[in-house]
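Q: First the structure, which I've put down as structure tokens, then a few questions once you've had a look.
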2 protein chains.
Amino acid sequence: MATQSYKKLVEHYQSIDNFEHLRAICSWDQATFMPSGGADSRAEAMAELAVHLHKLHTAPHLAELFELAKDENLDTTQQASVKEMHRTWQLQTVLPAELVKAKSLAGAKCEHQWRIQRQENDWHGFLKNFEPVVALSQEEAQIRASSSRMTPYDAMLDIYEPGMCSTQLNQLFGDVATWLPQMIQTAAQDYSPNHTAQYPVEQQELLAHELMALLGFNFNHGRLDTSVHPFCGGTSQDTRITTRYGESEFVNAMMGVIHETGHACYEQNLPQSLAKLPVGKARSMAIHESQSLFYEMQIARSPEFIALLSDRASHYFPKYAAINKTQNLIAQLQRVEPSLIRVDADEVTYPAHVILRYEIERDLINGDIQSKDIPQLWDLKMSQLLGISTKDNYKDGCMQDIHWTDGSFGYFPSYTLGAMYAAQFKHTMAKTINIPQQINSRDLKPIYDWLNTQIWQKASLLSTQDLMVQATGTGLDVSIFKSHLQHRYCKA
Amino acid sequence: MATQSYKKLVEHYQSIDNFEHLRAICSWDQATFMPSGGADSRAEAMAELAVHLHKLHTAPHLAELFELAKDENLDTTQQASVKEMHRTWQLQTVLPAELVKAKSLAGAKCEHQWRIQRQENDWHGFLKNFEPVVALSQEEAQIRASSSRMTPYDAMLDIYEPGMCSTQLNQLFGDVATWLPQMIQTAAQDYSPNHTAQYPVEQQELLAHELMALLGFNFNHGRLDTSVHPFCGGTSQDTRITTRYGESEFVNAMMGVIHETGHACYEQNLPQSLAKLPVGKARSMAIHESQSLFYEMQIARSPEFIALLSDRASHYFPKYAAINKTQNLIAQLQRVEPSLIRVDADEVTYPAHVILRYEIERDLINGDIQSKDIPQLWDLKMSQLLGISTKDNYKDGCMQDIHWTDGSFGYFPSYTLGAMYAAQFKHTMAKTINIPQQINSRDLKPIYDWLNTQIWQKASLLSTQDLMVQATGTGLDVSIFKSHLQHRYCKA
């Protein structure tokens with residue numbers, strides 16, 4: 001048969017996906033319902049599963065199957081499928097097992113101690129564990145680069161954003177850096193709510209479910225729970241999102257739910273016939289983030305949606321209807337204010353946090369700077385981009401994120417690329433759909449149908465570049481993101 | 001090293017246990033939180049895991065390791081450990097793969113159609129699917145028997161109750177059958193609550209958690225959730241129990257919680273150093289059931305505990321304090337009434353349901369009767385034991401249970417053996433602990449400490465016979481069970 005090797009590859013990757021399913025559900029359980037005393041034995045079970053998955057990903061017979069599949073008579077989808085399997089295989093097999101193990105151990109140690117050291121603002125203690133992580137990540141980057149003719153940093157970036165490179169990022173982020181500091185100054189405004197309120201969690205949950213339904217979440221294939229850090233997990237057929245509730249405030253929990261619903265709708269609407277294969281997965285981290293940010297930033301922080309939110313809040317929290325008037329929620333949801341912490345940043349200042357991290361991690365992985373240089377660079381770039389000093393404040397400066405502690409270099413750009421992609425999708429969608437009117441009439445179906453057709457159903461069948469060109473007529477265009485921010489935040 | 005093969009066996013069975021951990025958590029999720037649309041992909045993932053576990057259980061190098069371990073210098077615990085590994089290995093490897101597959105397919109088909117056929121009282125439709133299940137189970141029983149010199153039925157019984165045999169069961173159950181019908185007549189009484197009430201589920205949950213804490217459940221290593229069929233799942237370090245709540249009634253949900261808490265405390269208190277090995281697991285199905293029935297029957301249906309329950313009910317449901325007076329709850333919880341359905345049966349009539357199933361499945365597997373004879377035998381035995389006819393009523397007669405549909409012959413005796421063991425544990429415990437007084441003072445610690453020392457910590461280190469002798473001074477003694485029933489139900 002002409003596609004025999006391809007079929008064997010399909011079987012193998014479907015089998016991998018079955019074990020990934022178990023990992024996804026048990027990880028979700030770990031973050032939501034597992035009692036703390038279950039942690040040790042869960043860690044052992046997950047480690048065993050990771051070893052098994054690694055074995056499957058690096059099975060010796062795969063190399064031959066990929067060779068044989070080259071000569072088979074495959075259709076376009078099958079070719080794209082093999083391409084993504086091969087990419088997965090390369091990412092998993094290129095590193096020597098000892099390096100994987102050494103990085104995993106160094107990363108676990110660094111991350112573990114970071115949780116205390118950050119609280120204690122202990123940069124020098126952290127540096128001792130961090131330097132080996134950087135050294136091993138540099139080694140990883142060089143090995144990945146040598147097999148792919150990229151720069152070391154680009155090889156790391158490629159794990160999360162296939163097709164993206166630092167030449168393009170330098171251009172995109174360099175452009176943003178020229179106008180963002182001025183825009184932040186223009187848009188910045190004080191926001192200080194001076195009221196106290198009590199929002200019962202049960203009511204917040206009802207509102208969250210209503211918003212999820214409005215945004216197209218399929219409750220037959222997913223659920224909402226609570227966890228310390230909100231996330232979207234589970235599988236395409238059973239997508240689990242979480243949020244966290246505070247009683248004095250409901251807006252943050254709702255924005256979290258809306259953000260994760262964006263991720264979830266992407267997962268739920270991946271093409272089911274390809275669901276268990278690499279080609280049937282989300283295109284990249286940035287495209288994933290573009291979907292969550294499309295919902296959170298492009299839709300949910302628009303004046304029309306905020307008006308809708310205000311109305312629903314008055315239904316669920318009638319006591320605080322005055323506090324939650326549209327104009328008050330706009331003041332809260334569209335405030336701009338330079339701050340130290342990335343995860344708390346608003347839509348305008350967020351890119352500054354990402355650009356500075358990108359510049360530092362790029363130079364670090366390429367060997368152009370050293371770990372010990374980071375605090376000074378951080379302080380300098382924070383001052384330039386946001387006008388804030390972080391001198392001697394490592395805790396709220398270069399030690400605030402978990403990403404670098406285990407060597408996840410190359411991930412940060414995805415956040416701001418996602419914001420840019422989201423703005424571009426919105427820009428194109430607005431040519432054929434009256435988005436404000438759809439929100440006003442509380443019918444978001446045309447909006448998520450567009451996303452479904454243009455992005456969700458495409459999974460990894462196209463490169464990110466082709467996906468963007470087919471959906472929006474052009475590659476990533478940073479001027480659209482700039483216009484979006486100007487339009488929303490620089491009205492005066 | 002003198003224990004090299006033993007150590008390899010330990011590693012192998014610990015690895016199996018890690019995958020069993022994933023299976024336990026995902027099964028729990030399936031019964032509690034999984035949205036219905038997730039069922040298909042979950043089934044695929046679980047099937048993949050089952051195949052993987054079968055591979056591990058039947059790994060070719062195990063035979064040699066068991067041979068080598070025989071000559072190693074093992075201590076008593078290690079010897080018991082190898083014995084239980086070997087038992088597990090034999091149970092898994094003795095059957096040819098084709099038979100396992102054929103039985104699995106026939107069982108799945110029979111069970112699937114049974115769900116409809118039972119509703120439609122369609123015995124003849126059921127019989128068509130059931131006969132192949134019986135034939136394959138007979139084949140299984142013969143293969144298991146031939147490798148162990150037992151009768152075919154005893155070989156099936158041995159899966160669930162190692163050490164038990166039908167000679168002993170005939171004696172035990174034969175004894176019960178001589179006095180039970182008369183006792184049922186003496187004890188039977190009408191019970192018909194004639195009130196309506198509304199018990200909010202949130203309050204029932206609070207009461208359930210209080211009762212679990214009282215009974216020694218460790219919430220750091222487990223949790224309570226809801227499911228259609230109550231069960232105890234998860235792992236020893238993370239034990240998940242469930243119940244189901246009705247709003248018009250709270251007593252059944254509480255009895256379910258108490259029953260599952262008995263299972264859970266056994267699991268939570270298995271010796272942690274052996275937790276991942278066969279020797280560290282619960283001794284048998286009957287001993288497991290003895291722990292749930294100890295809590296439910298010996299403790300929770302005692303007058304002292306019912307008084308306690310009445311008091312706590314008046315706290316959580318003050319509106320219905322009069323309805324839930326001790327005497328009313330006693331009337332409900334100690335009622336005796338012959339009925340058609342095993343799972344709804346009371347403590348006195350339950351053994352009758354088990355004895356008739358035992359006699360039928362024993363003769364069926366040994367080839368002494370045929371599947372088509374079952375309805376007539378069922379009707380006869382129901383008349384003899386409970387004075388109820390099931391003629392032409394297959395639905396509430398021989399088609400009521402799921403056990404036989406997939407060929408789980410040999411399981412039913414565990415229920416009544418468990419009740420007998422529980423009565424015997426209570427009898428011994430009462431010699432050194434004033435159980436009514438402990439319940440009255442709401443301090444159950446001496447009670448569960450006794451169970452912990454005598455049973456839970458013993459795991460599978462001893463045979464059931466040795467466990468009983470060490471805990472109670474004698475093997476199973478049915479007269480203690482009889483006295484217990486007489487004392488509670490035949491006071492007049």
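Q: How about segment B:301-343: which of its residues are over 22 Å from B:E247 (Cβ atoms), in contact with a Ser or Thr (Cβ under 9 Å, 6 or more places away or on another chain) and hydroxyl-bearing (S, T, Y)?
A: Those that are over 22 Å from B:E247 (Cβ atoms), in contact with a Ser or Thr (Cβ under 9 Å, 6 or more places away or on another chain) and hydroxyl-bearing (S, T, Y): B:T326, B:S339.
Q: So which residues in segment B:450-467 are open to solvent by 30 Å² or more (accessible area, probe 1.4 Å) and polar (S, T, N, Q)?
A: B:N452, B:T453, B:Q454, B:Q457, B:S463, B:Q465
Q: Among the residues of segment B:20-39, how many are farther than 18 Å from B:G280 by Cβ and more than 7 Å from chain A (Cβ to nearest Cβ)?
A: Residues that pass the stated criteria total 6.
Q: Just one of B:I439, B:I447 is touching an Asp or Glu at 6+ places or on another chain (Cβ under 8 Å) and open to solvent by less than 10 Å² (accessible area, probe 1.4 Å); which is it? Can you show your working first?
A: Numbers: B:I447 fails: touching an Asp or Glu at 6+ places or on another chain (Cβ under 8 Å).
Testing whether each residue is touching an Asp or Glu at 6+ places or on another chain (Cβ under 8 Å) and open to solvent by less than 10 Å² (accessible area, probe 1.4 Å) leaves just B:I439.
Q: So which of B:K426, B:K482, B:K445, B:K431 ends up being in the same structural domain as B:E304 (by TED's automatic domain parsing) and free of Cβ contacts under 8 Å to residues at least 60 places away in the same chain?
A: Values: B:K426 fails: free of Cβ contacts under 8 Å to residues at least 60 places away in the same chain; B:K482 fails: free of Cβ contacts under 8 Å to residues at least 60 places away in the same chain; B:K445 fails: free of Cβ contacts under 8 Å to residues at least 60 places away in the same chain.
Step by step, each of B:K426, B:K482, B:K445, B:K431 is checked, and only B:K431 is in the same structural domain as B:E304 (by TED's automatic domain parsing) and free of Cβ contacts under 8 Å to residues at least 60 places away in the same chain.
Q: For the condition of a type outside the set (S, T, Y) and farther than 30 Å from A:I25 by Cα, what is the one hit in B:L215, B:L270? Before the answer, list the steps.
A: Values: B:L270 fails: farther than 30 Å from A:I25 by Cα.
Answer to the selection: B:L215.
Q: If you go through segment A:372-385, how many residues are closer than 23 Å to A:A188 by Cα and either surrounded by 18 or more Cβ atoms within 10 Å (Cβ to Cβ) or among the aromatic types (F, W, Y) (or both)? Spell out the reasoning first.
A: Applying the first criterion (closer than 23 Å to A:A188 by Cα) to segment A:372-385 yields A:378-385.
From the residues that got through so far, the ones that are either surrounded by 18 or more Cβ atoms within 10 Å (Cβ to Cβ) or among the aromatic types (F, W, Y) (or both) too are A:378-379, A:381-382, A:385.
So the count comes out to 5.
Q: Another question, then. Does B:H209 satisfy the criteria of being part of a helix (DSSP H, G or I) and either within 14 Å of another protein chain (Cβ to nearest Cβ) or open to solvent by 60 Å² or more (accessible area, probe 1.4 Å) (or both)? First the steps, then the outcome.
A: Working: part of a helix (DSSP H, G or I): yes; either within 14 Å of another protein chain (Cβ to nearest Cβ) or open to solvent by 60 Å² or more (accessible area, probe 1.4 Å) (or both): yes.
Yes.
Q: Which one of these is within 30 Å of A:A31 (Cβ to Cβ) and free of Cβ contacts under 8 Å to residues at least 40 places away in the same chain: B:D29, B:D71?
A: B:D29
Q: Determine whether A:E120 is at pLDDT 95 or above, of a type outside the set (V, I, T) and open to solvent by 50 Å² or more (accessible area, probe 1.4 Å).
A: yes
Q: Take the residues of segment B:256-300 that are in contact with a Ser or Thr (Cβ under 9 Å, 6 or more places away or on another chain) and aromatic (F, W, Y): which is nearest to B:K83 (Cα to Cα)?
A: Taking the candidates together, the pick is B:Y266.
Q: Now, a different point. Please give the number of the condition B:L364 fails out of (1) over 19 Å from B:A155 (Cα atoms); (2) open to solvent by less than 40 Å² (accessible area, probe 1.4 Å).
A: Unmet for B:L364, out of (1) over 19 Å from B:A155 (Cα atoms); (2) open to solvent by less than 40 Å² (accessible area, probe 1.4 Å): (1).
Q: Moving to a separate point now. Just need a number here: residues in segment A:87-98 that are surrounded by fewer than 19 Cβ atoms within 10 Å (Cβ to Cβ) and farther than 15 Å from A:S284 by Cα.
A: Qualifying residue count for the region: 8.
Q: A:G174: surrounded by fewer than 19 Cβ atoms within 10 Å (Cβ to Cβ) and either modelled with pLDDT under 95 or part of a loop (DSSP other than H, G, I, E, B) (or both), yes or no?
A: Details: surrounded by fewer than 19 Cβ atoms within 10 Å (Cβ to Cβ): yes; either modelled with pLDDT under 95 or part of a loop (DSSP other than H, G, I, E, B) (or both): no.
Criteria not met by A:G174.
Every residue, every condition in (1) surrounded by fewer than 18 Cβ atoms within 10 Å (Cβ to Cβ); (2) hydroxyl-bearing (S, T, Y); (3) within 24 Å of B:F481 (Cβ to Cβ); (4) outside the structural domain of B:T464 (by TED's automatic domain parsing), yes or no:
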{"site": "B:T167", "(1), (2), (3), (4)": "yes, yes, yes, yes"}
{"site": "B:N170", "(1), (2), (3), (4)": "yes, no, yes, yes"}
{"site": "B:I184", "(1), (2), (3), (4)": "no, no, yes, yes"}
{"site": "B:D190", "(1), (2), (3), (4)": "yes, no, no, yes"}
{"site": "B:A213", "(1), (2), (3), (4)": "yes, no, no, no"}
{"site": "B:N218", "(1), (2), (3), (4)": "yes, no, no, no"}
{"site": "B:R240", "(1), (2), (3), (4)": "no, no, no, no"}
{"site": "B:I258", "(1), (2), (3), (4)": "no, no, yes, no"}
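Q: I need a count of the residues in segment A:105-117 that are open to solvent by 50 Å² or more (accessible area, probe 1.4 Å) and either of a type in the set (D, E) or without any contact (Cβ under 8 Å) to a residue 24 or more places away in the chain (or both). Steps first, answer last, please.
A: Going residue by residue through segment A:105-117, those that are open to solvent by 50 Å² or more (accessible area, probe 1.4 Å) are A:105, A:108-109, A:112-113, A:115-116.
Then drop every residue that is not either of a type in the set (D, E) or without any contact (Cβ under 8 Å) to a residue 24 or more places away in the chain (or both), which leaves A:105, A:109, A:112-113, A:115-116.
The qualifying residues number 6.
Q: Collect the residues in segment B:226-242 that are over 24 Å from B:L308 (Cβ atoms) and more than 14 Å from chain A (Cβ to nearest Cβ), keeping them in residue-number order.
A: Matches in segment B:226-242: B:V228, B:H229, B:F231.
Q: Taking the conditions exactly as written (within 14 Å of chain A (Cβ to nearest Cβ), buried (at least 21 other Cβ atoms within 10 Å of the Cβ) and at pLDDT 95 or above), does B:R223 satisfy them or not? Talk me through it step by step, then tell me what you get.
A: Numbers: within 14 Å of chain A (Cβ to nearest Cβ): yes; buried (at least 21 other Cβ atoms within 10 Å of the Cβ): yes; at pLDDT 95 or above: yes.
So B:R223 fits the description; yes.
Q: If you don't mind, another one. Can you work out which of the residues in segment A:243-263 that are closer than 23 Å to A:Q30 by Cα and touching a Phe, Trp or Tyr at 6+ places or on another chain (Cβ under 6 Å) is nearest to the other protein chains (Cβ to nearest Cβ)?
A: Only one residue fits best here, namely A:T261.
Q: Ok, one more. Find the residue count for segment A:448-478, including only residues that are part of a helix (DSSP H, G or I) and free of Cβ contacts under 8 Å to residues at least 40 places away in the same chain. Full working, then the answer.
A: Filtering segment A:448-478 down to residues part of a helix (DSSP H, G or I) leaves A:448-454, A:456-458, A:464-472, A:478.
Then drop every residue that is not free of Cβ contacts under 8 Å to residues at least 40 places away in the same chain, which leaves A:449-450, A:453-454, A:466, A:469-470.
The qualifying residues number 7.
Q: Out of the helices (runs of 4 or more DSSP H) lying entirely within segment B:301-417, which hold 1 or more residues that are over 26 Å from the mean Cα position of the chain (by Cα)?
A: Details: elements: B:303-316, B:326-333, B:350-365, B:374-386.
Answer list for segment B:301-417: B:303-316, B:326-333, B:374-386.
Q: Among the candidates B:I402, B:I433, B:I369, single out the residue that is closer than 22 Å to B:T151 by Cβ and open to solvent by 10 Å² or more (accessible area, probe 1.4 Å). Before the answer, list the steps.
A: Numbers: B:I402 fails: closer than 22 Å to B:T151 by Cβ; B:I433 fails: closer than 22 Å to B:T151 by Cβ.
The match here is B:I369.
Q: Just to verify a result, which residue in segment B:77-86, among those that are in contact (Cβ under 8 Å) with a residue 12 or more places away in the chain and open to solvent by 50 Å² or more (accessible area, probe 1.4 Å), is farthest from A:H12 (Cα to Cα)? Even if it seems obvious, please write down each step before you answer.
A: Quick first cut of segment B:77-86, residues in contact (Cβ under 8 Å) with a residue 12 or more places away in the chain only: B:77-78, B:80-86.
Narrowing the set further to residues that are open to solvent by 50 Å² or more (accessible area, probe 1.4 Å) leaves B:77, B:83, B:86.
Values: B:T77: 41, B:K83: 36, B:H86: 32 Å.
The qualifying residue farthest from A:H12 (Cα to Cα) is B:T77.
Q: Pick out the one residue from A:S148, A:S137 that is outside any helix (DSSP H, G or I), open to solvent by less than 80 Å² (accessible area, probe 1.4 Å) and not β-branched (V, I, T). If you could, list the steps in order and put the result at the bottom.
A: On the way: A:S137 fails: outside any helix (DSSP H, G or I).
From the options A:S148, A:S137, the qualifying one is A:S148.
Q: While we're looking at this one, here's another question. Before we move on, is B:A45 closer than 30 Å to A:F217 by Cα, crowded, with 20+ Cβ neighbours inside 10 Å and out of contact with any Lys or Arg (no Cβ under 8 Å at 6 or more places or on another chain)? Spell out the reasoning first.
A: Details: closer than 30 Å to A:F217 by Cα: yes; crowded, with 20+ Cβ neighbours inside 10 Å: yes; out of contact with any Lys or Arg (no Cβ under 8 Å at 6 or more places or on another chain): yes.
The answer is yes for B:A45.
Q: Do you know which residues across segment A:386-399 are open to solvent by 20 Å² or more (accessible area, probe 1.4 Å) and either among the small types (G, A, S) or farther than 26 Å from A:N129 by Cβ (or both)? Steps first, answer last, please.
A: From segment A:386-399, those open to solvent by 20 Å² or more (accessible area, probe 1.4 Å) are A:387-389, A:391-396; that's our starting set.
Matches in segment A:386-399: A:G387, A:I388, A:S389.
The values are calculated or read from the model by the stated rules, or taken from the named source; none is laboratory data. Because the structure is predicted, anything quoted here is derived from the model rather than measured. Cβ: placed from backbone, ideal geometry, glycine included. Neighbour counts: every protein chain shown. To get the accessible areas, we keep the full protein, side chains included, count just its heavy atoms, and leave off ligands, DNA and RNA. Shrake-Rupley method; radii C 1.70, N 1.55, O 1.52, S 1.80 Å.
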